[in-house]
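These notes concern the structure reproduced below.
The values are calculated or read from the model by the stated rules, or taken from the named source; none is laboratory data. From a predicted model like this one, the values you see are computed outputs, not experimental measurements. When we count neighbours, we look across all protein chains shown, and the Cβ atoms used for this are built from the backbone with ideal geometry, even at glycine. Protein only, heavy atoms only, side chains kept; ligands, DNA and RNA dropped before computing areas. Shrake-Rupley method; radii C 1.70, N 1.55, O 1.52, S 1.80 Å.
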Amino acid sequence: MEASRKLTGRQRQVLFFFFLLGFCLASAGELKRYSVVEEREGRSFVTNLVNDLGLGQMELSRRGAKVISKGNKLHLQLDRETGDLLLTEKVDREELCGHTEPCLLRFQVLLDNPLEIFQAELEVTDINDHSPAFVDKEILLKISESSLPGTIFPLKNAQDMDVGQNGIDNYHISSNSYFHVLTRKRSDGKKYPELVLDRALDREEEAELKLILTAQDGGSPPRSGTTEVHIEVLDINDNAPQFEQPFYRVQIPEDSPIGFLVVTVSATDKDIGVNGEISYSLFQASDDISKTFSIHPLTGEVRLREQLDFEKTQFYEVNVEARDAGTFSGKCTILTQVIDVNDHAPEIILSAFTNPIPENLPETMVAVFSISDLDSGENSKTSCSIQDDLPFFLKPSGENFYTLLTQNALDRETTAEYNITISVADMGSPILRTQVNITVQVSDINDNAPAFTQTSYTLFVQENNSPALHIGTISATDSDSGSNAHITYSLLPTHDPQLDLSSLISINADNGQLFALRALDYEALKTFEFLVGATDQGSPALSSQALVRMQVLDANDNAPFVLYPLQNASAPFTELLPRAAEPGYLVTKVVAVDRDSGQNAWLSFQLLKATEPGLFTVWAHNGEVRTSRLLSERDAPKHRLLLLVKDNGDPPRSASVTLHVLLVDGFSQPYLPLPEVAHDPTQEEDLLTLYLVIALASVSSLFLLSVLLFVGVRLCRRVRASSLGGCSVPEGHFPGHLVDVSGAGTLSQSYQYEVCLTGNSGTGEFKFLKPILPNFQDHPLGPEMGENSNCRNDWDFGIQLK
């Protein structure tokens, strides 16, 4: 009984499910269609679902209406309040449907409570947004000139992404007198062009045609696309060969050799290719003519096959035929007249010949030869000559013998070889000439020294170069030849005892390449000169020399060095600053130099860190440290400044400077005590050891200083005894023994330093003087260095701070 009840309940559920499914399918069967135009910008209104579905105003919102499209191809948005169905993005019909027409996209409207599904279709209407386009930019057609009018030639059709009336409507071709175009329609509705021949083609009149084929669609306004139709007219054999002239008249001397070119006949055929290929042959020639003459079948050259004899035959009539590859041919006649001439030319017999001949020797014998002629009488008399522009002359040496001699000394470097033509002519009519060409070579002697391409060379090398660096090549040439022109390069000894050239430069003896043996230092050696020799291998050997000037280019390999304040002192450098100082008060000035040159030595200053960031400023170009505001009681009594000195090299180098500034009420106030630093008890033993080392170093330094002062006083007294003056402090503009350090990114004002070296003392005095006002009249840029007239300097002295 229980099982029967369960079975009845299941049957009811199945019936309810089928009832609900049938209801949904019935609702889905009502298919509505809407339409939109493609490529419309912004939001497009499709329909109002409240009116279309017959629902209440708020029923869409209450029943949770949803719009579903397959594959989310349609971006539809439903306003549940108003029932408006909107298309939020523009659609491309060609992208969605391609060439399918109509373009229908289905979507569903889903309602809950109760479940209802409404089927709908959205038709995307096409617009004319694509132009017809041909796949190929050029269509090549080969048409025979024998094609009859009315012949049809199919052409490739164009493609248009649009459909319907926006698709391709017709084809037309540019104006011409041979063709027109028909527009055909296939079974699938697509249209294609056909080219129709209106008039027979003639390749000889026009070998090719270039026409423009245009495809136009039916849109409004219509769009079009073009391609070029290139038509090649194929040739047929419809023209016979024609000679340039029907008769050729020639005269041939009887002594013409076998193979002599009598005449060249030429015929043309308007056809091309195989149809235009012409072959020549003798037409109806007798045995005598066939034995005497021959013709080349391709070039038309008529030549002699055997020697002519005026006494035997004086006239020949030769007929020539020109035939193409078909059945067409043309004919011409060669009228040949044989002329009686002096048919024996003189002969030259060379008896002796010297080759080569040495240069620089006049009247050297070159050749000895004799002349003979088989003719008799006037025809056997001869004359002999050579070119007038050659340094040779002919000297008779007996009956019919001649000697060829040099007229003056020869120069192989001017002319290494002479082509001499010995010409002999008889006295016959016509005159017969015989020529013999001999080539005379001039042998070389070592009479030219090597010559450099330049009298001096200037080479540049970057300092800190790698050893064995190729820095340049010098080149010399020698006008001689052979071993006399083989050049060996070498470095010549230098007269500068301080320049060890062998440790700096080497040269490849074969090709003149110069190499730097070690790294060069611009600060130590900026430029140097040396001589390079070039020697040939002649006997005796000749040589020459050239000056090589080597310029070492500076690299930024030196960091700025701080002259003031000193950073290696045992106690930190401290400046005093009165509390009453005005803004812009000069606290101190950082003085720095750089051993490099140019922009590598341009220095700039920068404040990196300060106890009171806004209290001090540093001028970037002169290193002046100034106050930027008034001091107050709240400012700390002690300030620590960290400055950076940086050059302008690439990459830049820098140095840091630490300044301590104490604020005082007046300069008479003693230094403020520095705050005590808490010491670590474990470091007291190390500190005691450090103090002992410092004390020992101080005592040693004082002793050494005392000895140096004693020696210096003795030497100064000796100098004063031998001269009237001594070391003095100059005034005004820098004299010769002062060094001016100004500009170049270090000091804005000029500072003078006195340099006085006592002779043979081994020590020098370097005094800092007070800055003076700069003298801008004729003020030199860069440091100056000289010697004190009252102090002898036994060394090359330069201020170099590293």
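Under 9 Å between Cβ atoms, at least 6 apart or on separate chains: pull out the pairs that start in region 490-503 with a residue that is closer than 17 Å to residue 474 by Cβ and at pLDDT 85 or above and end on any residue that is open to solvent by 90 Å² or more (accessible area, probe 1.4 Å) and assigned to a strand (DSSP E or B).
Close Cβ pairs satisfying both conditions: 492/545.
For region 369-386, which residues satisfy the criterion of being acidic (Asp, Glu) and open to solvent by 70 Å² or more (accessible area, probe 1.4 Å)?
Just the residues of region 369-386 that are acidic (Asp, Glu), to begin with: 373, 375, 378.
378, the sole residue that qualifies.
Could you list, in sequence order, the residues of region 86-137 that are in a loop (DSSP other than H, G, I, E, B), open to solvent by 30 Å² or more (accessible area, probe 1.4 Å) and under 15 Å from residue 36 (Cβ atoms)?
Those that are in a loop (DSSP other than H, G, I, E, B), open to solvent by 30 Å² or more (accessible area, probe 1.4 Å) and under 15 Å from residue 36 (Cβ atoms): 88, 89, 90, 92, 102, 127, 129.
Collect the residues in region 536-589 that are assigned to a strand (DSSP E or B) and in contact with a Lys or Arg (Cβ under 7 Å, 6 or more places away or on another chain), keeping them in residue-number order.
Going residue by residue through region 536-589, those that are assigned to a strand (DSSP E or B) are 536, 543-553, 561-564, 574-578, 586-589.
Across region 536-589, the qualifying residues are 552, 561, 586, 587.
Test residue 399 against the stated conditions and say whether it is within 17 Å of residue 434 (Cβ to Cβ) and surrounded by fewer than 12 Cβ atoms within 10 Å (Cβ to Cβ).
Details: within 17 Å of residue 434 (Cβ to Cβ): no; surrounded by fewer than 12 Cβ atoms within 10 Å (Cβ to Cβ): yes.
No, not satisfied.
Within region 410-427, take every residue that is of a type in the set (Val, Ile, Thr) and outside any strand (DSSP E or B) and give me the one that is nearest to residue 450 (Cα to Cα).
Taking region 410-427 first, the residues of a type in the set (Val, Ile, Thr) are 414-415, 420-422, 424.
Still in the list and also outside any strand (DSSP E or B): 414-415.
Working: 414: 16, 415: 18 Å.
Here the answer is 414.
I'd like to verify a number: residues in region 63-73 that are charged (D, E, K, R) and modelled with pLDDT under 75, how many? Let's see the steps before the verdict.
Of the residues in region 63-73, the ones charged (D, E, K, R) are 63, 66, 70, 73.
Next, only the ones that are modelled with pLDDT under 75 stay: 70, 73.
Of the residues in region 63-73, 2 are charged (D, E, K, R) and modelled with pLDDT under 75.
Scan region 151-178 for residues that are over 21 Å from residue 211 (Cα atoms) and open to solvent by 40 Å² or more (accessible area, probe 1.4 Å) and report the count. Lay out the reasoning, then the answer.
Within region 151-178, the subset over 21 Å from residue 211 (Cα atoms) is 160-167.
Still in the running and open to solvent by 40 Å² or more (accessible area, probe 1.4 Å): 161, 164-165.
So the count comes out to 3.
Quick one: would you say residue 366 is open to solvent by less than 30 Å² (accessible area, probe 1.4 Å), within 60 Å of the chain's Cα centre (by Cα) and farther than 30 Å from residue 271 by Cβ? Steps first, answer last, please.
Details: open to solvent by less than 30 Å² (accessible area, probe 1.4 Å): yes; within 60 Å of the chain's Cα centre (by Cα): yes; farther than 30 Å from residue 271 by Cβ: yes.
So residue 366 passes the test.
Which is open to solvent by less than 70 Å² (accessible area, probe 1.4 Å) and at pLDDT below 90, of 634, 579? Before the answer, list the steps.
Numbers: 634 fails: open to solvent by less than 70 Å² (accessible area, probe 1.4 Å).
Every option except 579 fails the conditions.
Restricting region 402-421 to residues that are in contact (Cβ under 8 Å) with a residue 40 or more places away in the chain and either open to solvent by 90 Å² or more (accessible area, probe 1.4 Å) or over 52 Å from the mean Cα position of the chain (by Cα) (or both), which is farthest from residue 347 (Cα to Cα)?
The residue in question is 409.
Give me the residue from region 194-216 that is under 17 Å from residue 140 (Cβ atoms) and more than 50 Å from the chain's Cα centre (by Cα) and, out of that set, surrounded by the fewest Cβ atoms within 10 Å (Cβ to Cβ).
Looking at residues that are under 17 Å from residue 140 (Cβ atoms) and more than 50 Å from the chain's Cα centre (by Cα), I get 194.
Hey, among 269, 287, which residue is modelled with pLDDT under 85 and out of contact with any Phe, Trp or Tyr (no Cβ under 6 Å at 6 or more places or on another chain)?
Details: 287 fails: modelled with pLDDT under 85.
Step by step, each of 269, 287 is checked, and only 269 is modelled with pLDDT under 85 and out of contact with any Phe, Trp or Tyr (no Cβ under 6 Å at 6 or more places or on another chain).
Take residue 331 and tell me if it is basic (Lys, Arg) and either touching a Gly at 6+ places or on another chain (Cβ under 6 Å) or touching a residue at least 40 places away in the same chain (Cβ under 8 Å) (or both). Full working, then the answer.
Working: basic (Lys, Arg): yes; either touching a Gly at 6+ places or on another chain (Cβ under 6 Å) or touching a residue at least 40 places away in the same chain (Cβ under 8 Å) (or both): yes.
Taking the combined requirement at face value, the residue satisfies it.
So in region 311-363, with the set limited to residues that are outside any strand (DSSP E or B) and hydroxyl-bearing (Ser, Thr, Tyr), which one is most open to solvent (accessible area, probe 1.4 Å)?
Just the residues of region 311-363 that are outside any strand (DSSP E or B), to begin with: 311-314, 324-328, 340-346, 354-356, 359-363.
Of the ones still in play, those that are also hydroxyl-bearing (Ser, Thr, Tyr) are 313, 327, 354.
Numbers: 313: 28, 327: 117, 354: 51 Å².
Result: 327.
Taking strands (runs of 3 or more DSSP E) that do not extend beyond region 446-518, which have at least 1 residues that are within 30 Å of residue 558 (Cβ to Cβ), open to solvent by less than 70 Å² (accessible area, probe 1.4 Å) and out of contact with any Ser or Thr (no Cβ under 9 Å at 6 or more places or on another chain)? Reasoning before the result, please.
On the way: elements: 456-462, 469-473, 487-491, 505-507, 513-516.
Result: 456-462, 469-473, 505-507.
Can you pull out the residues in region 352-380 that are on the phi < 0 side of the Ramachandran plot and free of Cβ contacts under 8 Å to residues at least 24 places away in the same chain? Don't jump to the end; show me each part of the working.
Applying the first criterion (on the phi < 0 side of the Ramachandran plot) to region 352-380 yields 352-359, 361-362, 364-376, 378-380.
Scanning region 352-380 gives 352, 354, 376.
State all residues of region 249-284 that are closer than 20 Å to residue 324 by Cα, crowded, with 17+ Cβ neighbours inside 10 Å and aliphatic (A, V, I, L, M); if no residue qualifies, say none.
Listed by number, the residues that qualify are 265, 267, 278, 282.
Of (1) closer than 21 Å to residue 40 by Cβ; (2) open to solvent by 60 Å² or more (accessible area, probe 1.4 Å), residue 146 satisfies all except one. Which?
Against the list (1) closer than 21 Å to residue 40 by Cβ; (2) open to solvent by 60 Å² or more (accessible area, probe 1.4 Å), residue 146 comes up short only on (1).
Would a scan of region 380-387 turn up a residue that is small (Gly, Ala, Ser) and out of contact with any strand residue (DSSP E or B) (no Cβ under 6 Å at 6 or more places or on another chain)?
From region 380-387, those small (Gly, Ala, Ser) are 380, 383, 385; that's our starting set.
Of the ones still in play, those that are also out of contact with any strand residue (DSSP E or B) (no Cβ under 6 Å at 6 or more places or on another chain) are 380.
Scanning region 380-387, I find at least one residue that is small (Gly, Ala, Ser) and out of contact with any strand residue (DSSP E or B) (no Cβ under 6 Å at 6 or more places or on another chain), so the answer is yes.
Suppose we filter 171, 248 for residues that are assigned to a strand (DSSP E or B), in contact (Cβ under 8 Å) with a residue 24 or more places away in the chain and under 30 Å from residue 295 (Cβ atoms); which single one remains? I'd like the intermediate steps shown before the answer.
Details: 171 fails: under 30 Å from residue 295 (Cβ atoms).
After ruling out the rest, the residue left standing is 248.
Considering each residue of region 271-310, count those that are without any contact (Cβ under 8 Å) to a residue 24 or more places away in the chain and part of a loop (DSSP other than H, G, I, E, B), and give that number. Step through it out loud before you land on a result.
First, the residues of region 271-310 that are without any contact (Cβ under 8 Å) to a residue 24 or more places away in the chain: 286-287, 290-291, 294, 296-298.
Checking which are part of a loop (DSSP other than H, G, I, E, B) leaves us with 286, 296-298.
Residues in region 271-310 being without any contact (Cβ under 8 Å) to a residue 24 or more places away in the chain and part of a loop (DSSP other than H, G, I, E, B): 4 in total.
Output the residues belonging to region 590-627 that are open to solvent by less than 50 Å² (accessible area, probe 1.4 Å), assigned to a loop (DSSP other than H, G, I, E, B) and either modelled with pLDDT of 90 or more or of a type in the set (A, V, I, L, M) (or both).
Matches in region 590-627: 590, 615, 620.
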